Amino acid sequence: MNQKFLAILVFSFFLFQQFSSAQPKATDIPANTDSNWITRLPELTVVGRNSKNDWQSMPKIVGTHIYAGKKANLIVMDNVQGNVVNNTMRQVMAKIPGIHIWESDPSGIQIGIAARGLSPNRSWEFNVRQNGYDISADPYGYPEAYYNPQLQAVQRIEVVRGQGALQYGPQYGGLVNYILKDGSEITKPFALESQQTVGSQGLFNSYNAIGGTKGKNHYYAFFDHRNGNGFRDNSRFFTNNGFITFSHRFSDRFKLTAEMVQSHIRSQQPGGLTDAQLANGGVRQSLRSRNWMDISWATYALMADWQINAQTRLNTKVFGISGDRNSVGFLQAPNVKDSINPATLTYANRTAQTDQYRNWGMESRFITAFELGQKEHQFSAGIRYFKGHTQRFSGGRGTTGSDYDMNVIGAFNGDIQFVSQNTAAFAEAIFKLSKKWLLVPGIRWENVSGSAAGRNGFSNGQPIVLQNIHRNRSFALAALGLEYHLSAQTEFYANAAQAYRPIQFAQLQAAPTTDIIDPNLTDSKGYTLEAGYRGKHKNWLHFDVSFYHMVYGDRVGTLAQSNGTRLVTNVGNSEAYGVEGFVQLNLLKIFQQNSPLDLSVFGSWGWNHAAYVGNLKDPNLQNKK
């Protein structure tokens, strides 16, 4: 444990002691204090059972997290009218305006989510979490989400944009948090759930879960298997996903929960097509039959939840990831034929690559209420520590076979280890200025380091040693949110928040003889502005319309040099602005509010303008949108 982390821990504990000891008891709050203006939702609970809406605005507080003043949406999976069996995320998120879903494969294994002109590549511009902790490969150096939970096992999905950067760290897109089912509604010792699904292209899915409560103990477990052939040739896949959680309630105020996910995915990769190949052979064709990806992913978490008093709650998570991403295939351009060599009567050797991710972290948050000026306000703060280790083996000379096989002839060409480390402290408050105005300021301090070392290849049989690169920096982020409540059900909201994206592992790894890393390479930094109007009218109209402006500064790219090399550097800024709107009408309830039937129509619309702006180092980016 380093000194910075220890100092933050001591400071936060002192701060927590001061606030928790200063809180009035529920019976001490003056009678004229309006304490009913805020809606709270526990960290994990059943939601949406008494509603048929799959889309909702997030409550002001969920667990120890503050969502007031932010553009935050909640998707209730039990109410989603979509194909959750095959993880069809575009149907699940259909009511969240401005979300772009990239369906890069037919299996629903790789989920790509983007917003506001950002890249959807494995959701890497979002901070992707499960039950509040990280599940991406490395949020500070390689934030691709190779693992995504089976949506049948998800209770709700939280999507936060804009000011969400303050609570969750490195992201511009926002937060996507999958809350898994935990069987919290089960009150008997044993319950069983089983769903079997078949579909086209050989799809079969089997989801089975058990759970129960006895005394102070509660458990829930599921196992999901899915396999299919995909709509393209050479796109077979299977997934096996298991989850178990066990909690013990030591008292009415303190609960300890342990959980584990084990996932195994294997998919055949049909390969890309040129425009000419697509036009002549159609979208279902595949010119690659020997390309495979295999992902083994395990997440572990131990979570303590302590309701200290009526106003104060503490939640601590310790989590870890052990993941392997393996791929093998013929990686030439689509117009290069993968065929048997008549001289050797074999295929060409494939290229094998593997990443091993071994990460762990801790995040502790508390929230408390305090009285100031005859009004009740909320204060949340926390600390975080994360350490990630990635071992990357690349350029291995694989077999000439066609099935999945990670055997390598000789040594991998590249053998590089990447290490990231992060220490953070954050604080946020909700100040109730009046019955209608809320002010939500916040600050986050970050210390981030990343390093790369190892072998980058061979030259004349001798290893090419990667230049040992290390980056360490500390900085602060600030944010400010506002809410103005026109009525009990409608409100204006606005926020301004700084954000950043750390230097990625790939940007610390210079290809030998061709690439050079700029010694002054820095993180991308910028900000997001949002303003909107949301709410509902009676029980037949729901809406949320907002405007945003985002500046993504110091984006990282490559510049061609006169000596034939490429310089990895900060190439310039991009800017995006647009409008996001959602409206849903329940047609029957317009005329009869208590109608037991629902007939709803909705519209979800996003308009985005994004372009490179300012003084750009790469002239090819000028005027690009």
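Among the residues making up the range 490-512, those that are aliphatic (A, V, I, L, M), within 20 Å of the chain's Cα centre (by Cα) and closer than 30 Å to residue 532 by Cβ are 497, 499.
Yes/no per residue for (1) within 20 Å of residue 293 (Cβ to Cβ); (2) free of Cβ contacts under 8 Å to residues at least 12 places away in the same chain; (3) of a type in the set (A, V, I, L, M, F, W, C):
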{"site": "217", "(1), (2), (3)": "no, no, no"}
{"site": "222", "(1), (2), (3)": "no, no, yes"}
{"site": "225", "(1), (2), (3)": "yes, no, no"}
{"site": "228", "(1), (2), (3)": "yes, no, no"}
{"site": "244", "(1), (2), (3)": "no, no, yes"}
{"site": "251", "(1), (2), (3)": "no, yes, no"}
{"site": "254", "(1), (2), (3)": "no, no, yes"}
{"site": "257", "(1), (2), (3)": "no, no, no"}
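Scanning the range 362-391 for residues that are of a type in the set (Lys, Arg) and open to solvent by less than 50 Å² (accessible area, probe 1.4 Å) yields 365, 384. Among the residues of the range 479-490, is there at least one that is crowded, with 17+ Cβ neighbours inside 10 Å and without any contact (Cβ under 8 Å) to a residue 40 or more places away in the chain? No; the residues of the range 479-490 include none that is crowded, with 17+ Cβ neighbours inside 10 Å and without any contact (Cβ under 8 Å) to a residue 40 or more places away in the chain. Within the set of pairs 6 or more residues apart or between chains, which connect a residue that is basic (Lys, Arg) inside the range 412-427 to a residue that is open to solvent by less than 10 Å² (accessible area, probe 1.4 Å) and assigned to a strand (DSSP E or B) with Cβ atoms less than 6 Å apart? Correct list of pairs: empty, since none qualify.
Of all residues in the range 97-117, those being at pLDDT 90 or above, assigned to a loop (DSSP other than H, G, I, E, B) and surrounded by fewer than 22 Cβ atoms within 10 Å (Cβ to Cβ) number 0. Can you find a residue that is open to solvent by less than 10 Å² (accessible area, probe 1.4 Å), over 15 Å from residue 135 (Cα atoms), at pLDDT 95 or above and not in a strand (DSSP E or B) anywhere in the range 341-361? Yes, the range 341-361 contains a residue that is open to solvent by less than 10 Å² (accessible area, probe 1.4 Å), over 15 Å from residue 135 (Cα atoms), at pLDDT 95 or above and not in a strand (DSSP E or B).
In summary, strands (runs of 3 or more DSSP E) completely within the range 514-594 and bearing 3 or more residues that are hydrophobic (A, V, I, L, M, F, W, C) and buried (at least 16 other Cβ atoms within 10 Å of the Cβ) occur at 541-560, 566-586.
The number of residues in the range 249-273 being among the polar types (S, T, N, Q) and closer than 25 Å to residue 131 by Cβ comes to 4. Residues considered: 622, 561, 592. Of these, the only one that is modelled with pLDDT under 95, among the polar types (S, T, N, Q), closer than 23 Å to residue 81 by Cβ and out of contact with any helix residue (DSSP H, G or I) (no Cβ under 9 Å at 6 or more places or on another chain) is 592. Summed over the range 265-291, residues that are part of a strand (DSSP E or B) and surrounded by fewer than 16 Cβ atoms within 10 Å (Cβ to Cβ) total 0. Residue 69: open to solvent by 20 Å² or more (accessible area, probe 1.4 Å), over 17 Å from residue 543 (Cβ atoms) and small (Gly, Ala, Ser), yes or no? Judged against the criteria, residue 69 is not a match.
The values are calculated or read from the model by the stated rules, or taken from the named source; none is laboratory data. Remember, predicted model here, so these are calculated numbers, not experimental data. Every residue, glycine among them, receives a Cβ derived from its backbone with ideal geometry; neighbour counts consider all protein chains shown. Just so you know, the surface numbers come from the protein's heavy atoms only, side chains and all, with ligands and any DNA or RNA stripped out. Shrake-Rupley method; radii C 1.70, N 1.55, O 1.52, S 1.80 Å.
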